[in-house]
Amino acid sequence: MRIAVLADIHGNLPAFESALAAAKREAPDLLVIAGDVVNGAPDSRACWDLARAECDVLLRGNHERYVLDRGTPAGDPLWLGPRFRTLGWARAQLTDVLDEIRALPIALPLQPDVLLMHAGPADDHVNLYPWSDDGSLERVLDPATEALLVRGHNHLPFHRTLADGRLLVSVGAVGLSLVGRPEARFGLLTRHARRGWTVRHVSLPYDVDATLARFVDSGYLREVGPMAQVFLREIATGSHQLVPFVRFEQRWRAANDVHEDDDASLERALEAFLALH
Ligand SMILES: [Mn+2]
């Protein structure tokens, strides 16, 4: 039994196409898309359509939830502001499939011994990192009993054999690499008759320039503004930009006594951030 797990595509179609082609060359028994198909790069809809067409199992990630809940009572009112404008761009492409997205599970057991998740068994945005200690891994995974636990979400590929012998696999991101260079990643899981499950973390180059060009050609940069620029930079460098920028912006507002919360102030914060990073 072999399972290919692709996660965290984030609207990056060239990366998704490369990862999908490489995964299919491996002829897995099952092709799983483990959530966060949308939001980030401009092509959420094209990635959604391709995921629906090509995968055997599709999970919902926290970014699907953000897109679904934006502008509804379940969403944070802040999500309507300039810092979350990328969600509006993605949602506008997905209006006719929102119910379908909502119906997807965030985790799915697969008989006899696999649990597929976006982030955790009962939580679509819990963080587990290569440096997380065994105790915190076990706390998150506690209710699950499967021999193989597979997740995405943190964009950092790693795996760990837990104290009770189960294998936890966190696959890298297809479309929003955070490993220090832009590349597409996915996980290939194989069950062996005697040794049980093993994992191969696959990394491959993709046409990054094509993705960056889509930011311009699609009108995304122009319409969405500073936050699209932050995503572009995260894709171009394959390194954390979004979280550092959001943290920087809070400090920058306080230090410069900026109270407006609009595109212009966000633009100024981004200029200051880029000058330092
Ligand atoms: Mn996620």
Relative packing of peptides 78-84, 40-46 - highest average C-beta neighbours within 10 Å first = 40-46, 78-84
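Net charge within 11 Å of Ala74 by Cβ-Cβ distance, Lys/Arg positive one each and Asp/Glu negative one each, not counting Ala74 itself? Before the final figure, lay out the partial values.
Numbers: positive: Arg65, Arg70, Arg102; negative: Asp69, Asp76.
Overall, the nearby charge balance is +1.
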inquiry  = Distances longer than 30 Å among the Cα atoms of the stretch 2-204: what percent of all pairs is that?
reply    = 17
inquiry  = Between the stretch 213-232 and the stretch 1-35, what is the separation of their alpha carbon centroids in Å?
reply    = 25
query = Along the charge dipole of the chain, Cβ charges K/R +1 and D/E -1, which of Ala103, Val37, Leu128 sits furthest on the positive end?
reply = Leu128
ask   = How would you order 54-65, 130-141, 88-99 from highest to lowest mean count of nearby Cβ atoms within 10 Å?
value = 54-65, 88-99, 130-141
task = In a Gaussian network model over the chain where Cα atoms closer than 10 Å are linked, find which of Asn127, Asn154, Asn12 has the largest mean-square fluctuation.
result = Asn127
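Suppose every K and R has +1 on its Cβ and every D and E has -1 on its Cβ; what is the size of the dipole of the chain about the Cα centre, in Debye to the nearest 20? Can you show the working numbers first?
Working: 29 positive and 38 negative charges, 150 e Å.
Result for the chain is approximately 720 debye, rounded to the nearest 20.
Laboratory data are not the source of any read-out in this text; all were calculated from the coordinates shown. Just so we're clear, the structure is a prediction, and the values are computed from it rather than from any experiment. Note that we place each Cβ from the backbone using ideal geometry, even for glycine, and neighbour counts take in every protein chain shown.
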